[in-house]
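Notes follow the structure.
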Amino acid sequence: MQPEQISQAEYESELNRLHERREELEESESTLTSHDHGGGLPADQQNRLAKVRGEIADVLQQIGDLQDRWADAGNAKPNPDGALGE
């Protein structure tokens, strides 16, 4: 099955959006972990941290999928050091 065609402008826009979201999530992760002063985080903050880390993983997957889609459409070589290290 051929990947759906995507224009360069669409690719770059979506890639930028995903990278911005990743940066926001990483900042949230950093803020949450900065509250741990060796005694661990309260349960509600541990839950938030787990959710943020899950969202980071999802965004990294989406970045890798987008890059693969772009490459599979013949627009670029696959990135051997992509989000999943493939």
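Quick notes
- Residue in segment 68-75 that is modelled with pLDDT under 95, out of contact with any helix residue (DSSP H, G or I) (no Cβ under 9 Å at 6 or more places or on another chain), open to solvent by less than 90 Å² (accessible area, probe 1.4 Å) and outside any loop (DSSP other than H, G, I, E, B) present: yes
- Considering GLY54, GLY38, the condition of being more than 29 Å from ASN75 (Cα to Cα) and at pLDDT 95 or above is satisfied by GLY54 alone.
- Counting the residues of segment 3-59 that are in contact (Cβ under 8 Å) with a residue 24 or more places away in the chain, loosely packed, with under 14 Cβ neighbours inside 10 Å and part of a loop (DSSP other than H, G, I, E, B) gives 3.
The values are calculated or read from the model by the stated rules, or taken from the named source; none is laboratory data. The model shown is predicted, which means the values in this text are computed figures rather than measured ones. All Cβ positions, glycine included, derive from the backbone under ideal geometry; neighbour counts span all protein chains shown. Quick note on the areas: whole protein, heavy atoms, side chains included, nothing else; ligands and nucleic acids left out. Shrake-Rupley method; radii C 1.70, N 1.55, O 1.52, S 1.80 Å.
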